[in-house]
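J.: The structure's right below; bear with me while I get my questions together.
The values are calculated or read from the model by the stated rules, or taken from the named source; none is laboratory data. On a predicted model such as this, the values are computed, not experimentally measured, just so you know. Glycine also receives a Cβ, built like all others from the backbone with ideal geometry; neighbour counts cover every protein chain displayed. Remember, those area values only see protein heavy atoms, side chains included, never the ligands or the DNA or RNA. Shrake-Rupley method; radii C 1.70, N 1.55, O 1.52, S 1.80 Å.
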Amino acid sequence: MEQHVAAILEAIGEDPSREGLVKTPQRVSKALRELTRGYDQDPEAIINGALFTEEYSEMILMKDIDFFSLCEHHVLPFFGKAHIAYIPNGKIVGISKLARLVDVFARRLQVQERLTTQIAHLLMDTLHPEGVAVVVEAEHLCMRMRGVEKQNSYVATSAMLGVFRERQETRDEFMNLINGAGPGRR
Ligand SMILES: [Zn+2]
């Protein structure tokens, strides 16, 4: 990978042998591997390893989960917050695992739409809850830095499965909770 990064530096008109750039191919390679480490992680195992039997049957919500990802079209960052809710059906998952799950899918080359649905479907398939809702809000540097969209625009995507898809009131409760005041809101 380092050779290829050096070739890219040359292609943009740089001199990869100058002092400031000598170690850049090495650094870029290391950073890219860290930012895409999700490929080596198994999201199903993360959830399956933290399942508990519990009769709780109300909505469980984790909001404002920070994430950083790379868009697969430009390999530039997009980042923001994910909000995840589910209504259990006999099983709950350790709450910190929801943030881990976001991280595993975010640290791959992504599009925001797929990131959103992958999180929702993975939870549906492992937890078998009554329903799952995922909303992702992000800003994309490939739009902002290149000036192709309004500078302050951000993108919101959602995936609603099970009761969140079927019942308007459940969806509304979720949307009110993520839009409402809370310790996570600034
Ligand atoms: Zn892009």
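J.: Could you put Ser69, Ser153 in order of accessible surface area, largest first, with the 1.4 Å probe and the full protein assembly present? Provide the component values of the computation, followed by the final result.
T.: Numbers: Ser69 5, Ser153 35 Å².
Largest accessible area first, the residues go Ser153, Ser69.
J.: In nm, to one decimal, how far is the modelled label at Glu166 from the one at His121, with both set 7 Å along Cα→Cβ?
T.: Roughly 2.1 nm, to one decimal.
J.: Find how much the distance from Arg33 to Ala50 grows on full extension, using 0.36 nm per residue of separation minus their present alpha carbon separation; answer in nm with one decimal.
T.: Contour length minus Cα-Cα distance gives 3.5 nm.
J.: Using the Cα centre of the chain as the reference point, and only Cβ charges (+1 on K/R, -1 on D/E), how large is the resulting charge dipole? Debye, rounded to the nearest 20.
T.: Numbers: 22 positive and 26 negative charges, 87 e Å.
About 420 debye.
J.: Taking 1 over the mean of 1/r across every pair of different Cα atoms in region 84-135, what Kirkwood radius in Å do you get?
T.: Working: mean 1/r = 0.0891 Å⁻¹.
Answer for region 84-135: a Kirkwood hydrodynamic radius of 11.2 Å.
J.: How many Å² of accessible area per residue for the chain, probe 1.4 Å? Can you show the working numbers first?
T.: Values: 10680 Å² over 186 residues.
With the other protein chains kept in place, the chain gives 57 Å² per residue.
J.: Measuring from a point 7 Å past the Cα of Ile8 along Cα-to-C-beta, which residues in region 32-46 have an amide N at less than 14 Å?
T.: Residues passing the 14 Å test: 32-36.
J.: Let me check I've understood the local charge: for Gln26, count other residues with C-beta under 12 angstrom from its C-beta, Lys and Arg +1, Asp and Glu -1. What total comes out? Don't jump to the answer; show the numbers that get you there.
T.: Working: positive: Lys23, Arg27, Lys30, Arg33; negative: Glu2.
With Lys, Arg at +1 and Asp, Glu at -1, the neighbours total +3.
J.: Still on this structure: If you bin every alpha carbon distance in the chain into 10 Å steps from zero, what whole percent lands in each bin?
T.: 9, 31, 30, 17, 9, 4, 0
J.: Using only the heavy atoms of the protein chains and a 1.4 Å probe, how would Phe68, Phe79 rank by accessible area, largest first?
T.: The most accessible residue leads, giving Phe68, Phe79.
J.: Give me the one-decimal nm value for the distance between modelled label points at Val155 and Ile95, 7 Å along each residue's Cα-to-Cβ direction.
T.: Rounded to a tenth, the inter-label distance reads 3.0 nm.
J.: Would you list, by chain and number, the lysines whose Cα falls below 16 Å from the Cα of Lys63, excluding same-chain residues fewer than 8 positions away?
T.: Excluding near neighbours in sequence, the set is Lys81, Lys97.
J.: In addition: Carbon and sulfur atoms: what percent of the 1.4 Å accessible area of the chain do they account for? Present the calculation step by step, with values, prior to reporting the outcome.
T.: On the way: 5450 of 10680 Å².
Taking all protein chains in place, the chain shows 51 percent carbon and sulfur surface.
J.: Along the positive direction of the dipole of region 1-133 (beta-carbon charges: Lys, Arg +1; Asp, Glu -1; about the Cα centre), which of Asn48, Met59, Leu109 reaches farthest?
T.: Leu109
J.: To the nearest 20 debye, what is the magnitude of the charge dipole of region 11-100 about its Cα centre, counting +1 on the Cβ of each Lys and Arg and -1 on the Cβ of each Asp and Glu?
T.: Details: 11 positive and 13 negative charges, 52 e Å.
The calculated dipole for region 11-100 is roughly 240 debye.
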